[in-house]
């Protein structure tokens, strides 16, 4: 029986050349296709331009991380796929339709980590899926940083939306009227406030690609 793959996520200042050693790679780029995004939040000194997700055997992690750019921040994560992306949503070039918001979450200092995790991974899942037009949703709980410069982050969330939601809040919430939009926005805010995701959060709009553009040995 083969051992399960380890998932590593790297935050990069530029689009990186992806090191060899991973069995699956996903690259999220803050590129021209998402330049007009209405939702963009930055808590870090500088927002990452690329987020690389890689799945690999545990023995490959150290060498894979060593091959990243010097300014990359890498993390070992525990992945929970709530809404998987279906193959029909990926085009011939590997781009997933729509766009992906990558959210970097932090447990507030005044909260117990166990309670923060419970609310985020249990109570918030329903609102996150039901109140928004997401068709892809992944929760990544950070297990440990893998680079010395990695800023403190407790979770990395991947949410896939229709491209119309990039600049239209009604499309973002999957509704047709202002009244419905207001109701969903209020309910969503009430949910994120419970685990402190209404502050100290990064939200990075990206294009998601299911292939490796470049690979180096």
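Computed from the coordinates by the stated procedures, all read-outs in this text should not be read as laboratory data. Note that the structure is predicted; figures quoted are calculated from it, not measured. Every residue, glycine among them, receives a Cβ derived from its backbone with ideal geometry; neighbour counts consider all protein chains shown.
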task = Pairs of Cα atoms under 8 Å, at least six residues apart: use those to get the relative contact order of the stretch 92-217, whole percent.
result = 44 percent
message = On C-alpha positions alone, give me the angle between the axis of helix 178-193 and the longest principal axis of the chain, in degrees, nearest 10.
response = 50 degrees
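Cα-Cα pairs above 21 Å in the stretch 148-217: how many percent?
Counting every Cα pair in the stretch 148-217, those more than 21 Å apart make up 47 percent.
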query = Say we join alpha carbon atoms closer than 10 Å with springs in a Gaussian network model of the chain; which of 109, 133, 171 then has the biggest fluctuation?
reply = 109
ask   = Can you put 117, 24 in order, fewest other beta carbons within 10 Å first?
value = 24, 117
message = How large are Rg and Dmax for the chain when calculated on the C-alpha trace, in angstrom?
response = 17.0, 54
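Can you give me the relative contact order of the chain as a percent, contacts being Cα pairs under 8 Å and 6 or more apart? Mind dumping the intermediate values first?
Details: 444 pairs, mean separation 73.1, N = 217.
Over the chain, the number comes to 34 percent.
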